[in-house]
Amino acid sequence: MLKVGSSAFRKQSLGILAIALVLGGCAASSPISSETPESEAVVPEAVASPETGEAAAAEAIAQAPQSIEPVTLVEGLEHPWGMAWLPDGTMLVTERPGRLRIIREGQLDPNPVPGVPSVLAVGQGGLLDVAVHSQFAENPWVYFTYASGTARANQTQIARARFDGSTLSDWTVIFEVERDKSDGQHFGSRLAWLPDGTLLVSIGDGGNPPVELDGDLIRNQAQNLGTRFGKVVRLNSDGSIPSDNPFVNTPDADPAIWSYGHRNIQGLALDPATDQIWVTEHGARGGDELNAVQPGSNYGWPVVTHSREYWGGQISSEQSRQGMVDPLVVWTPAIAPSGLAVYRGDRYPQWQGHLFAGGLVSRDVRRIELDASGTVINETPIDIGQRVRDVRQGPDGLLYILTDEPNGRLVRLEPS
């Protein structure tokens, strides 16, 4: 397992060096991309010829490190949280105070979309993630997660509404955490479509001590299959429960549960090439995690954890246990991960299959490279300079970022 802060990083050369070797066969010094970590320069071997030189040069370019520039497209978003695209390229962006915004052709519509009801915008709560139905042309539904209730009694809810391009209608709650909790912490709550048309939703564990449920610390509910706290749930598009969920036939278990033992997942992404689900979740004091999630699995919180209490005390003496899944990356100190994408486009060919994890505290995006077995072999920070709330791959094959600020930005990573 790669531990952030260790020396298990690699440095790669710029494409200019690879091209020089391919076309001229010469060994020459070359600048090293400032965005890659230090370790070693690796250059593919090739011999140029009239027949093969052009193809070999193209291959060298494809394998060279990617240099990018973060470009601000839109400003003036108030604590944006999630983004999604309609088939025509229109972008929908949620603002945590309770507004849905439209960005068309790079321009922010000054008027919020009508039809969003009041949400609980307290602490970490508010209008959170957004997702467009996977077959929007036939089913013009937009899905939302948000906090509902009061500061003393609240829950995460999932709703959908019809969208005609300008207005939401038929807002309907299709799923909720049935038990109320107090305080404004740990709502989750990311959305991700699976290839079979079902929807994954991450739900937080309910909060930090001293928040309780039924006389016990509420975070312990992450291990309780009878509640929805600290879980990933899987739903049909209408909010009903799929009959093949892993705990459908388990006595006293909530049939919506897909995986459990989570603290507060705010990064959730499907790799469309492998169907693997990846999540990033907040630890407490340190111990943020990257996990490869499988249905029915237990990810340990709070029985096993690399986190410590915010005041410094130990949460658990165990960091691993048989029957519980270990994280692939542990971030200590915390980066406060939020927003996650798996890159499968053609605009950054060197980054195929890499993960991109946003960091609120670290104010950057972590590019995470995997080997063929799914093991993390490299991590590189891309500085953004503001709290990163969401990271998504757009329909144009570029990566987009939302920053969590009173004057939040939409940023695009452009190849340079």
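Just so it is clear, none of the values below were taken in a lab; they were calculated from the coordinates. Only a predicted model underlies this, so the values are computations on that prediction, with no experimental measurement involved. Neighbour counts are summed over all protein chains in view; Cβ atoms, including those assigned to glycine, are modelled from backbone coordinates with ideal geometry.
Give the whole-number value, in cubic angstrom per residue, of the convex hull volume spanned by the C-alpha atoms of segment 236-331.
Once divided by residue count, the hull of segment 236-331 is 128 Å³.
Using Cα centres only, tell me the gap between segment 265-323 and segment 142-219 in whole Å.
Cα centres, segment 265-323 to segment 142-219: 19 Å.
Select from segment 345-416 those chymotrypsin sites (Phe, Trp or Tyr not before Pro) which occupy a DSSP coil region and have at most 15 other Cβ atoms within 10 Å, ordered by residue number.
Answer by residue number: there is no such site.
Among VAL71, VAL116, VAL303, what is the fewest-to-most ranking by other Cβ atoms within 10 Å?
Going from sparsest to densest Cβ surroundings: VAL71, VAL303, VAL116.
Please find the FRET efficiency linking GLU105 to GLN322, where r is the Cβ-Cβ separation and R0 is fixed at 60 Å, and quote it to the nearest 0.05.
0.65
Residues in segment 65-100 near a label at TRP171, defined as backbone nitrogen under 16 Å from the 7 Å Cα→Cβ point?
93-100
Between ASP164 and ASN407, how high is the FRET efficiency from 1/(1 + (r/R0)^6) when r is the Cβ-Cβ distance and R₀ = 30 Å? Nearest 0.05.
It comes out at approximately 0.50.
Show me, for segment 351-361, the HN-Hα J-couplings you get by feeding each phi into the Karplus relation (A = 6.51, B = -1.76, C = 1.60, θ = phi - 60°), rounded to Hz, glycine and proline as x.
Whole-Hz 3J(HN,Hα) from phi for segment 351-361: 9, 4, x, 6, 9, 10, 10, x, x, 6, 6.
Mind checking segment 311-416 for trypsin sites (Lys or Arg not before Pro) that DSSP puts in a loop (not H, G, I, E or B) and that have at most 16 other Cβ atoms within 10 Å?
Listed in order of number, the matching sites are ARG321, ARG344.
Full-extension gain between SER118 and ASP238, please, as 0.36 nm times their residue separation minus the C-alpha to C-alpha distance.
Extra length available between SER118 and ASP238 comes to 41.0 nm.
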